[in-house]
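The values are calculated or read from the model by the stated rules, or taken from the named source; none is laboratory data. None of the values given here were measured: they were computed from a predicted structure. FYI the Cβ positions are ideal-geometry reconstructions off the backbone, even for glycines, and counts take in every protein chain you see. With ligands, DNA and RNA removed, areas are computed over all heavy atoms of the protein, side chains included. Shrake-Rupley method; radii C 1.70, N 1.55, O 1.52, S 1.80 Å.
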Amino acid sequence: MKFGIVTFPGSNCDYDAYRAVVDQLGAEATYLWHKSHELEGVDVVILPGGFSYGDYLRAGAIARFSPIMREVVAHARRGGPVLAICNGFQIACEAGLLPGALVRNAGMRFISDAVHLRVENESTMFTSQYEKGAVLRIPIAHGEGRYVADAATIARLQDDDRVVFRYCDAAGNLTGEANPNGSMRAIAGIVSDEGNVLGMMPHPERAVDPLLGPPDGLLLFESLLARTAV
Amino acid sequence: MKQHRVYRIAVQIIPRAGLLDPQGNTITGALHSLGFKHVKSVHVGRHIVIETEAPDALQAETAVQEMCEKLLANPVTEDFEITSAVPL
(Lines give C-alpha, C1' and ligand atoms only; values in the text may rest on other atoms or scores of the structure.)
Protein backbone atom coordinates (compact mmCIF):
# COMPACT_ATOMS: atom_id res chain seq x y z
CA MET A 1 0.00 0.00 0.00
CA LYS A 2 1.37 3.35 -1.05
CA PHE A 3 0.61 6.72 0.52
CA GLY A 4 1.01 9.97 -1.40
CA ILE A 5 1.61 13.09 0.65
CA VAL A 6 0.91 16.37 -1.11
CA THR A 7 3.38 19.18 -0.57
CA PHE A 8 2.02 22.67 -1.20
CA PRO A 9 4.11 25.81 -0.74
CA GLY A 10 3.65 26.35 3.00
CA SER A 11 2.89 22.74 3.96
CA ASN A 12 4.78 21.92 7.15
CA CYS A 13 3.37 18.58 8.32
CA ASP A 14 4.21 16.66 5.15
CA TYR A 15 7.43 15.35 6.68
CA ASP A 16 5.63 14.25 9.88
CA ALA A 17 3.05 12.42 7.79
CA TYR A 18 5.80 10.76 5.75
CA ARG A 19 7.63 9.58 8.88
CA ALA A 20 4.40 8.33 10.46
CA VAL A 21 3.62 6.24 7.38
CA VAL A 22 7.13 4.96 6.68
CA ASP A 23 8.67 4.60 10.16
CA GLN A 24 5.70 3.81 12.38
CA LEU A 25 3.28 2.12 9.98
CA GLY A 26 5.94 0.48 7.83
CA ALA A 27 4.17 1.35 4.59
CA GLU A 28 5.45 3.03 1.44
CA ALA A 29 5.08 6.77 0.95
CA THR A 30 6.00 9.39 -1.60
CA TYR A 31 5.69 13.16 -1.73
CA LEU A 32 3.44 14.63 -4.41
CA TRP A 33 4.49 18.11 -5.49
CA HIS A 34 1.63 20.61 -5.83
CA LYS A 35 2.51 21.33 -9.47
CA SER A 36 2.44 17.68 -10.44
CA HIS A 37 -0.38 16.23 -12.54
CA GLU A 38 0.39 12.65 -11.52
CA LEU A 39 -0.60 10.68 -8.39
CA GLU A 40 2.14 8.13 -9.12
CA GLY A 41 -0.10 5.17 -8.40
CA VAL A 42 -0.69 5.94 -4.73
CA ASP A 43 -3.58 4.24 -2.93
CA VAL A 44 -4.13 6.87 -0.24
CA VAL A 45 -3.66 10.63 -0.56
CA ILE A 46 -2.77 12.69 2.51
CA LEU A 47 -3.41 16.44 2.44
CA PRO A 48 -1.12 17.50 5.28
CA GLY A 49 -1.18 20.40 7.71
CA GLY A 50 0.56 23.71 7.29
CA PHE A 51 -0.14 27.12 5.87
CA SER A 52 -0.48 26.50 2.16
CA TYR A 53 -0.05 29.70 0.15
CA GLY A 54 0.33 31.59 3.41
CA ASP A 55 -3.38 31.16 4.13
CA TYR A 56 -3.90 34.04 1.66
CA LEU A 57 -7.55 34.98 1.15
CA ARG A 58 -8.76 32.11 3.37
CA ALA A 59 -7.02 29.00 4.66
CA GLY A 60 -7.03 26.47 1.82
CA ALA A 61 -8.68 28.79 -0.69
CA ILE A 62 -5.74 28.98 -3.09
CA ALA A 63 -4.33 25.48 -2.61
CA ARG A 64 -7.41 23.93 -4.12
CA PHE A 65 -6.41 25.37 -7.51
CA SER A 66 -3.05 23.59 -7.49
CA PRO A 67 -2.63 21.21 -10.44
CA ILE A 68 -2.31 18.20 -8.12
CA MET A 69 -5.73 18.95 -6.60
CA ARG A 70 -7.44 18.12 -9.88
CA GLU A 71 -5.96 14.62 -9.57
CA VAL A 72 -6.79 14.40 -5.86
CA VAL A 73 -10.43 15.31 -6.53
CA ALA A 74 -10.61 12.73 -9.34
CA HIS A 75 -9.07 10.12 -7.00
CA ALA A 76 -11.69 10.95 -4.36
CA ARG A 77 -14.51 10.76 -6.91
CA ARG A 78 -13.30 7.26 -7.82
CA GLY A 79 -13.64 6.29 -4.18
CA GLY A 80 -9.94 6.58 -3.36
CA PRO A 81 -9.13 7.35 0.28
CA VAL A 82 -8.09 10.92 1.15
CA LEU A 83 -6.90 11.81 4.64
CA ALA A 84 -7.13 15.58 5.06
CA ILE A 85 -5.47 16.85 8.23
CA CYS A 86 -5.69 20.41 9.60
CA ASN A 87 -4.85 22.69 6.65
CA GLY A 88 -5.67 19.65 4.52
CA PHE A 89 -9.18 19.65 6.03
CA GLN A 90 -9.51 23.35 5.15
CA ILE A 91 -8.37 22.63 1.60
CA ALA A 92 -10.78 19.67 1.28
CA CYS A 93 -13.70 21.89 2.31
CA GLU A 94 -12.66 24.63 -0.12
CA ALA A 95 -12.33 22.01 -2.88
CA GLY A 96 -15.84 20.74 -2.22
CA LEU A 97 -14.68 17.28 -1.09
CA LEU A 98 -16.28 17.90 2.30
CA PRO A 99 -19.16 20.17 3.32
CA GLY A 100 -18.88 23.19 5.61
CA ALA A 101 -15.95 25.45 6.40
CA LEU A 102 -13.31 26.10 9.04
CA VAL A 103 -13.20 29.60 10.47
CA ARG A 104 -11.33 31.51 13.17
CA ASN A 105 -11.27 29.81 16.58
CA ALA A 106 -13.97 31.18 18.88
CA GLY A 107 -11.28 32.33 21.33
CA MET A 108 -9.37 34.12 18.53
CA ARG A 109 -6.08 32.48 19.54
CA PHE A 110 -3.97 29.95 17.73
CA ILE A 111 -4.09 26.80 19.87
CA SER A 112 -1.22 24.32 20.10
CA ASP A 113 -2.20 21.66 22.60
CA ALA A 114 -3.11 18.02 23.08
CA VAL A 115 -6.86 17.45 23.21
CA HIS A 116 -9.18 14.52 23.72
CA LEU A 117 -11.26 13.13 20.90
CA ARG A 118 -14.11 10.66 21.06
CA VAL A 119 -14.47 8.13 18.27
CA GLU A 120 -18.07 8.58 17.11
CA ASN A 121 -18.02 6.23 14.15
CA GLU A 122 -15.74 3.18 14.16
CA SER A 123 -17.09 1.76 10.90
CA THR A 124 -15.20 4.05 8.52
CA MET A 125 -12.13 2.94 6.59
CA PHE A 126 -10.12 5.34 8.78
CA THR A 127 -11.37 4.15 12.18
CA SER A 128 -12.03 0.39 11.91
CA GLN A 129 -9.24 -0.38 14.41
CA TYR A 130 -10.76 1.84 17.10
CA GLU A 131 -13.58 1.02 19.50
CA LYS A 132 -16.68 3.16 19.30
CA GLY A 133 -16.57 5.76 22.08
CA ALA A 134 -12.80 5.37 22.57
CA VAL A 135 -11.15 8.53 23.90
CA LEU A 136 -7.93 9.51 22.12
CA ARG A 137 -5.35 12.10 22.99
CA ILE A 138 -4.22 13.88 19.83
CA PRO A 139 -2.43 17.20 19.29
CA ILE A 140 -4.07 20.19 17.64
CA ALA A 141 -2.31 23.26 16.21
CA HIS A 142 -4.58 25.69 14.44
CA GLY A 143 -5.97 29.21 14.41
CA GLU A 144 -8.88 28.48 12.11
CA GLY A 145 -10.37 25.20 13.22
CA ARG A 146 -13.92 26.09 14.17
CA TYR A 147 -16.11 23.85 12.05
CA VAL A 148 -19.25 25.56 10.75
CA ALA A 149 -21.96 24.54 8.31
CA ASP A 150 -25.59 25.42 7.73
CA ALA A 151 -28.25 23.68 9.81
CA ALA A 152 -29.27 21.31 7.02
CA THR A 153 -25.67 20.14 6.54
CA ILE A 154 -25.15 19.63 10.27
CA ALA A 155 -28.35 17.59 10.44
CA ARG A 156 -27.31 15.49 7.45
CA LEU A 157 -23.86 14.79 8.91
CA GLN A 158 -25.53 13.71 12.12
CA ASP A 159 -28.21 11.54 10.48
CA ASP A 160 -25.74 9.82 8.16
CA ASP A 161 -23.29 9.16 10.98
CA ARG A 162 -20.59 11.14 9.22
CA VAL A 163 -19.18 12.84 12.32
CA VAL A 164 -16.16 10.66 13.05
CA PHE A 165 -14.46 12.53 15.91
CA ARG A 166 -15.74 15.00 18.51
CA TYR A 167 -13.77 17.04 21.03
CA CYS A 168 -14.42 15.70 24.54
CA ASP A 169 -12.91 15.70 28.02
CA ALA A 170 -10.64 12.95 29.36
CA ALA A 171 -13.68 10.91 30.38
CA GLY A 172 -15.28 11.20 26.95
CA ASN A 173 -17.90 13.79 27.89
CA LEU A 174 -18.80 16.59 25.51
CA THR A 175 -18.41 19.81 27.47
CA GLY A 176 -18.02 23.43 26.48
CA GLU A 177 -14.54 23.56 28.00
CA ALA A 178 -13.45 20.49 26.05
CA ASN A 179 -14.33 22.13 22.73
CA PRO A 180 -11.14 24.07 22.04
CA ASN A 181 -12.26 26.17 19.09
CA GLY A 182 -16.04 26.45 19.32
CA SER A 183 -16.78 23.98 16.51
CA MET A 184 -20.47 23.32 15.93
CA ARG A 185 -21.54 20.14 17.76
CA ALA A 186 -17.90 19.77 18.90
CA ILE A 187 -17.06 18.38 15.48
CA ALA A 188 -13.36 17.54 15.08
CA GLY A 189 -13.57 15.27 12.04
CA ILE A 190 -16.07 14.26 9.37
CA VAL A 191 -16.18 11.93 6.38
CA SER A 192 -17.56 12.56 2.92
CA ASP A 193 -20.84 11.19 1.68
CA GLU A 194 -19.12 8.09 0.32
CA GLY A 195 -16.95 7.75 3.42
CA ASN A 196 -13.63 7.86 1.58
CA VAL A 197 -12.53 11.40 2.50
CA LEU A 198 -11.77 12.12 6.16
CA GLY A 199 -11.18 15.71 7.22
CA MET A 200 -9.97 16.39 10.76
CA MET A 201 -8.32 19.33 12.51
CA PRO A 202 -6.29 17.25 15.04
CA HIS A 203 -2.99 15.70 13.93
CA PRO A 204 -2.98 11.88 14.14
CA GLU A 205 0.43 11.84 12.43
CA ARG A 206 1.89 13.58 15.50
CA ALA A 207 0.62 10.85 17.81
CA VAL A 208 2.29 7.74 16.44
CA ASP A 209 5.48 7.36 18.48
CA PRO A 210 5.32 6.37 22.21
CA LEU A 211 8.39 8.52 22.75
CA LEU A 212 6.24 11.61 22.21
CA GLY A 213 3.13 10.58 24.14
CA PRO A 214 0.31 8.13 23.63
CA PRO A 215 0.44 6.83 20.03
CA ASP A 216 -3.34 7.18 19.69
CA GLY A 217 -3.15 8.30 16.07
CA LEU A 218 -1.43 5.17 14.80
CA LEU A 219 -4.62 3.10 14.69
CA LEU A 220 -6.02 5.52 12.13
CA PHE A 221 -3.20 4.66 9.74
CA GLU A 222 -3.46 0.97 10.65
CA SER A 223 -7.18 1.09 9.82
CA LEU A 224 -6.31 2.14 6.27
CA LEU A 225 -3.73 -0.63 6.05
CA ALA A 226 -6.16 -3.23 7.42
CA ARG A 227 -8.74 -2.26 4.83
CA THR A 228 -6.55 -3.13 1.87
CA ALA A 229 -5.22 -6.27 3.56
CA VAL A 230 -8.71 -7.78 3.53
CA MET B 1 -16.00 44.18 -31.70
CA LYS B 2 -16.71 46.52 -28.84
CA GLN B 3 -13.77 48.38 -27.36
CA HIS B 4 -12.74 47.05 -23.94
CA ARG B 5 -11.76 49.43 -21.21
CA VAL B 6 -10.54 49.06 -17.66
CA TYR B 7 -12.95 49.25 -14.74
CA ARG B 8 -12.24 49.37 -11.04
CA ILE B 9 -14.61 47.45 -8.77
CA ALA B 10 -14.44 47.06 -5.02
CA VAL B 11 -15.76 44.04 -3.16
CA GLN B 12 -16.74 43.99 0.51
CA ILE B 13 -16.72 40.57 2.13
CA ILE B 14 -18.16 40.20 5.60
CA PRO B 15 -18.89 37.23 7.87
CA ARG B 16 -22.37 35.79 7.33
CA ALA B 17 -24.88 37.37 9.73
CA GLY B 18 -25.69 35.04 12.59
CA LEU B 19 -22.34 33.25 12.54
CA LEU B 20 -20.23 33.80 15.62
CA ASP B 21 -17.72 36.55 14.79
CA PRO B 22 -15.12 36.46 17.57
CA GLN B 23 -12.97 39.16 15.98
CA GLY B 24 -15.92 41.54 15.69
CA ASN B 25 -16.97 40.74 19.26
CA THR B 26 -13.48 41.42 20.59
CA ILE B 27 -13.37 44.80 18.87
CA THR B 28 -16.87 45.61 20.14
CA GLY B 29 -15.61 44.96 23.67
CA ALA B 30 -12.55 47.16 23.12
CA LEU B 31 -14.72 50.01 21.82
CA HIS B 32 -17.01 49.67 24.84
CA SER B 33 -14.03 49.87 27.18
CA LEU B 34 -12.92 53.06 25.41
CA GLY B 35 -16.28 54.59 26.23
CA PHE B 36 -18.10 54.01 22.94
CA LYS B 37 -20.98 52.47 24.84
CA HIS B 38 -23.48 52.77 22.01
CA VAL B 39 -21.67 50.38 19.68
CA LYS B 40 -24.02 47.45 19.04
CA SER B 41 -21.83 45.27 16.88
CA VAL B 42 -18.68 45.22 14.77
CA HIS B 43 -17.94 42.91 11.87
CA VAL B 44 -14.54 42.61 10.26
CA GLY B 45 -14.23 41.47 6.69
CA ARG B 46 -12.07 42.01 3.64
CA HIS B 47 -11.99 44.79 1.08
CA ILE B 48 -10.78 43.70 -2.33
CA VAL B 49 -10.16 46.10 -5.21
CA ILE B 50 -10.15 44.64 -8.70
CA GLU B 51 -9.22 46.30 -11.96
CA THR B 52 -10.51 44.37 -14.93
CA GLU B 53 -11.05 44.88 -18.62
CA ALA B 54 -14.62 44.59 -19.91
CA PRO B 55 -16.77 45.86 -22.80
CA ASP B 56 -18.95 47.81 -20.37
CA ALA B 57 -19.58 48.38 -16.66
CA LEU B 58 -22.35 45.79 -16.41
CA GLN B 59 -20.18 43.02 -17.80
CA ALA B 60 -17.35 44.03 -15.47
CA GLU B 61 -19.71 43.75 -12.52
CA THR B 62 -21.07 40.42 -13.72
CA ALA B 63 -17.54 39.05 -13.96
CA VAL B 64 -16.69 40.20 -10.44
CA GLN B 65 -19.91 38.66 -9.14
CA GLU B 66 -18.73 35.35 -10.59
CA MET B 67 -15.25 35.83 -9.08
CA CYS B 68 -16.85 36.26 -5.67
CA GLU B 69 -18.95 33.14 -6.03
CA LYS B 70 -16.04 31.02 -7.25
CA LEU B 71 -13.15 32.24 -5.14
CA LEU B 72 -13.23 35.55 -3.28
CA ALA B 73 -15.98 34.72 -0.79
CA ASN B 74 -16.72 31.43 0.93
CA PRO B 75 -20.40 30.65 0.29
CA VAL B 76 -20.66 28.82 3.61
CA THR B 77 -19.48 31.60 5.88
CA GLU B 78 -19.38 34.92 4.05
CA ASP B 79 -21.57 37.45 2.25
CA PHE B 80 -20.29 39.94 -0.29
CA GLU B 81 -21.27 43.25 -1.84
CA ILE B 82 -19.95 44.69 -5.07
CA THR B 83 -19.64 48.42 -5.72
CA SER B 84 -20.49 49.92 -9.10
CA ALA B 85 -17.77 49.64 -11.73
CA VAL B 86 -15.78 52.84 -12.17
CA PRO B 87 -14.12 53.33 -15.58
CA LEU B 88 -10.43 54.22 -15.29
Count, for each residue of B:74-80, the Cβ atoms from other chains sitting within 10 Å of its Cβ, then give me the mean as a whole number.
5
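Over the range B:5-87, with the other protein chains present, what is the accessible area per residue in square angstrom, probe 1.4 angstrom?
On the way: 5000 Å² over 83 residues.
For the range B:5-87, the solvent-accessible area averages 60 Å² per residue.
Determine the shielding of peptide B:2-9 by partner chains: average, over its residues, the number of Cβ atoms on other chains within 10 angstrom of each Cβ.
Details: counts 0, 0, 0, 0, 0, 0, 0, 0.
Averaged over the peptide's residues, the number is 0.
At 222 nm, what helix-only mean residue ellipticity would chain B give, in deg cm²/dmol to the nearest 500, using -39500 (n - 2.57) for each DSSP H run of four or more?
Working: 2 runs with 23 residues, N = 88.
Calculated mean residue ellipticity at 222 nm is -8000 deg cm²/dmol.
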In the range A:186-230, which GluC sites (Glu not before Pro) fall in coil by DSSP and have 14 or fewer other Cβ atoms within 10 Å?
A:Glu194
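Evaluate peptide A:51-61: per residue, the Cβ atoms of other protein chains within 10 Å of its Cβ; return the mean as an integer.
On the way: counts 0, 0, 0, 0, 0, 0, 7, 8, 0, 1, 4.
Mean partner-chain Cβ count within 10 Å for A:51-61: 2.
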Here the relative contact order (percent) of the range B:1-86, from C-alpha pairs under 8 Å and at least 6 apart, is 48 percent
Output for the range A:5-98: trypsin sites (Lys or Arg not before Pro) sitting in coil per DSSP, at most 13 other Cβ within 10 Å, listed by number, reads A:Lys35, A:Arg78
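Taking the Cα centre as origin and putting +1 on Lys and Arg beta-carbons and -1 on Asp and Glu beta-carbons, what dipole magnitude results for the protein assembly as shown, to the nearest 20 debye?
Dipole size: approximately 660 debye.
By how many nm would the segment from B:Val39 to B:Thr52 lengthen if fully extended, with 0.36 nm per residue of separation less the alpha-carbon distance? Can you show the working numbers first?
Numbers: separation 13, 0.36 × 13 = 4.68 nm, distance 3.69 nm.
Extra length available between B:Val39 and B:Thr52 comes to 1.0 nm.
Using a 1.4 Å probe over the heavy atoms of the protein chains, calculate the carbon and sulfur portion of the accessible area of the protein assembly as shown as a whole percent. Don't skip to the answer; put the middle values down first.
Working: 7830 of 14860 Å².
Carbon with sulfur: 53 percent of the solvent-accessible area.
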Among B:Pro75, B:His38, B:Thr62, which residue has its Cα positioned farthest towards the positive end of the charge dipole of the range B:5-87, with +1 placed on the Cβ of Lys and Arg, -1 on the Cβ of Asp and Glu, and the dipole taken about the Cα centre?
B:His38
Computed over the range A:2-229: relative contact order in percent, which uses C-alpha pairs under 8 Å that are six or more apart
20 percent
Check each residue of the range A:139-161 and keep those whose accessible area, probe 1.4 Å, is at least 40 Å² smaller with all protein chains in place than in the chain alone; give them in order of residue number.
A:Arg146
Please list, in chain and number order, the residues 5+ apart from A:Met201 or on another chain whose amide H is under 5 Å from its amide H, with Hs placed from the backbone.
A:Cys86
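Using only helices, what value at 222 nm comes out for chain A when you add -39,500 (n - 2.57) per DSSP H run of length 4 or more and divide by the total residues, to the nearest 500 deg cm²/dmol? Show your work: numbers first, answer last.
On the way: 5 runs with 46 residues, N = 230.
Value at 222 nm, helices only, nearest 500: -5500 deg cm²/dmol.
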Interface burial for A against B (accessible surface, 1.4 Å probe, total of both chains, Å², rounded to 100)
1200 Å²
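If you filter chain B for chymotrypsin sites (Phe, Trp or Tyr not before Pro), then keep DSSP loop positions with at most 16 other Cβ within 10 Å, what is left?
On the way: sites: B:Tyr7, B:Phe36, B:Phe80; in loops: B:Phe36.
Those that pass, being in a loop and sparsely packed, are B:Phe36.
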Gyration tensor (alpha-carbon) shape descriptor, chain A, a/c threshold 1.5:
rounded
Scan chain A and hand back the longest stretch that contains none of the chymotrypsin sites (Phe, Trp or Tyr not before Pro) lying in DSSP loops with at most 14 other Cβ atoms within 10 Å.
A:111-230
I'd like to check one number: the per residue accessible area of the range A:124-192, probe 1.4 Å, reported in Å² as a whole number.
39 Å²
